[in-house]
1. Taking N as the number of residues in the range 1-116, what is its Cα Rg relative to 2.2 N^0.38 Å?
2. Thinking of the range 119-187 as a set of Cα atoms, what percent of all their pairs are more than 18 Å apart?
3. For the charge dipole of the chain, defined by +1 on Lys and Arg C-beta atoms and -1 on Asp and Glu C-beta atoms about the Cα centroid, which residue among 170, 229, 107 has the Cα displaced farthest towards the positive pole?
4. Sort largest first and round to whole Å: the equivalent ellipsoid semi-axes of the range 140-235, each the square root of five times a Cα gyration tensor eigenvalue.
5. Pull out a ≥ b ≥ c, the square roots of the eigenvalues of the alpha-carbon gyration tensor of the range 190-287, then state rounded if a/c is under 1.5, prolate if not and a/b is larger than b/c, and oblate in the remaining case.
6. To make sure I understand, if each residue's beta carbon is the centre and we count other beta carbons within 10 Å, what order do 206, 75 fall in, fewest to most?
7. Take every Cα pair under 8 Å in the range 190-287 that's 6+ residues apart, average their separations, divide by the length, and report that relative contact order as a whole percent.
8. How large is the dipole of the range 1-116 about the Cα centre if only Lys and Arg carry +1 and Asp and Glu carry -1, each at its Cβ, rounded to the nearest 20 debye?
Amino acid sequence: MPDAGVSEKVEGFRFRKLEKPEEFRQVAEVERSVYGPESSGLAPPVPMQRALQDNGGLILGAFADIYLAGATASTLGWDGTTLYHYSLLTAVRPEYQNHHLGTQLKLAQRDEVLRLGLHEVRWVLDPLSSRAASLHVRRLGARPDRYYPHYFGQLGDAVNQGLETDRVRVVWTLDAPEVERRVGGQHPTADEDRRRWDRSSPIVETEPGDTGIRIPSAVGEPTEPSAHLEIPFDLALVRQHEPAALRRWRHAVRDAFRIASDLGYVVDDFAVVSPEHERRSFFFLTRSPPGTADRPPDPPT
């Protein structure tokens, strides 16, 4: 693909591989700015970053002058049949999170992985994070394919403290036609999302809690070929105003993904829909024809 300069896509920032020890050290600073001082160490140590950068891995940064505003780190992965990149970290300092740096970092990563001759990137995300789903599933076209309950065990950072660390694995097939469309800015319209939501069967039922924030009330089997699976619109607001609902959300979404997988449904999109003028977040799922779903093995418990 053309070697277009990603740095031109966001005015005032440059996107490139990290080169110097002082640049590698800033990656941990970026992580702590997002996850707090008790960060769980997603950023590799400086010697490991240097080794990854020189041996098939990628440490990419978004720079405002010499200041590292965001970074992404990935390494080679192999599952016995496919060689791919596994993304360890993508983080943007809070003061830069309205500059679309997360999107541009992933696009820079895509360019570099394709340049290496590979065609797939994988990583995990929190299925309760609407922000993460909006970026990775909606904008980039990555697709969740496995659910891992309590994947990392207990973590003490500001983002994960007090919440079981369930994750979904996503697979980003870099040169797939749908990915090409998504990264090119082609997405369903708000009206198309609303029509799909109208004809889809719910897996997670929710209702407003005492503070007006939605909480799960029931989980059930979908009855239509198209289904939707609700997650919190803003997880931070749930944590702040309905902390007792965090565990309910975690277990409801865990049960919903298991039901969907057992019945052959796969996630193919994510959208924010506004029925009755209330913004709500949904994964969209489609039921695969019998015998065509490549169902992964059951996740660890």
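Read-outs: derived from the displayed coordinates by stated rules, not from any lab. Everything numeric here is computed off the predicted structure, so don't read it as measured data. Positions of Cβ are backbone-derived with ideal geometry, glycine not excepted, and every protein chain shown enters the neighbour counts.
1. Working: Rg = 13.7 Å, N = 116, 2.2 N^0.38 = 13.4 Å.
Expressed relative to 2.2 N^0.38 Å, the Cα Rg reads 1.02.
2. So the pairs more than 18 Å apart make up 41 percent of the total in the range 119-187.
3. About the Cα centre, the residue reaching furthest to the positive side is 107.
4. Working: eigenvalues 134, 100, 40 Å².
Output for the range 140-235: semi-axes of 26, 22, 14 Å.
5. Here the range 190-287 falls in the oblate category.
6. Values: 206 20, 75 17.
With the fewest neighbours first, 206, 75 line up as 75, 206.
7. Working: 171 pairs, mean separation 29.1, N = 98.
Over the range 190-287, the number comes to 30 percent.
8. 80 debye
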